[in-house]
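The values are calculated or read from the model by the stated rules, or taken from the named source; none is laboratory data. Since the structure is predicted, the reported quantities are computational estimates derived from the model, not experimental observations. Neighbour counts run over all protein chains shown; Cβ positions are idealised from the backbone, glycine included.
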């Protein structure tokens, strides 16, 4: 089993980011309805072009458990939409308070089992874990961008009144 942890800082206050994420995920979590999401990994190259790999995954969200009742973690599970030698992921997505009231951290933490047994574990050691990390960063970037965009739009609407 491989462990994954990534954090992305957002230009959005903790309480607003937490609310926006909850509003986005609540119906999906309560219904258990899966969504197909395209995960993208960009590999940089020396010439600046690089290559990208995209994979559709089926994502389900659930309400996570926070024993301290401070943060609101969301359970996240994804698996390849069309099969193939790709791992399934189980983890949590959480908005955490930052030291500054104008920012927060979006965290993804979880585990995946490299497919294909011992050859898959070797691949994960050499390259797969880097692909998983890049995928996690892109996942957080996409969600974080949506949260920041909505927050900026709300603040602009308030300022124009």
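Is the stretch 123-140 home to any residue that is closer than 15 Å to residue 24 by Cβ and either surrounded by 12 or more Cβ atoms within 10 Å (Cβ to Cβ) or modelled with pLDDT of 95 or more (or both)? Within the stretch 123-140 (the criterion being closer than 15 Å to residue 24 by Cβ and either surrounded by 12 or more Cβ atoms within 10 Å (Cβ to Cβ) or modelled with pLDDT of 95 or more (or both)), the answer is yes, since at least one residue qualifies.
The stretch 1-85 holds strands (runs of 3 or more DSSP E) entirely within its bounds, and those carrying 2 or more residues that are closer than 16 Å to residue 139 by Cα, more than 15 Å from the chain's Cα centre (by Cα) and in contact (Cβ under 8 Å) with a residue 40 or more places away in the chain map to 35-43. Just one of the listed residues (10, 25, 21) is closer than 30 Å to residue 97 by Cβ, modelled with pLDDT under 95 and surrounded by 12 or more Cβ atoms within 10 Å (Cβ to Cβ), namely 25.
Residues in the stretch 87-95 include at least one that is more than 11 Å from the chain's Cα centre (by Cα) and not in a strand (DSSP E or B). May I ask you to list the residues in the stretch 104-114 that are under 19 Å from residue 84 (Cα atoms) and surrounded by 18 or more Cβ atoms within 10 Å (Cβ to Cβ)? Within the stretch 104-114, 112, 114 qualify.
From the list 54, 30, the one residue that fits, being out of contact with any strand residue (DSSP E or B) (no Cβ under 6 Å at 6 or more places or on another chain) and surrounded by fewer than 16 Cβ atoms within 10 Å (Cβ to Cβ), is 30. Of the set (1) in a helix (DSSP H, G or I); (2) touching a residue at least 12 places away in the same chain (Cβ under 8 Å); (3) farther than 17 Å from residue 14 by Cβ, all apply to residue 158 but (2).
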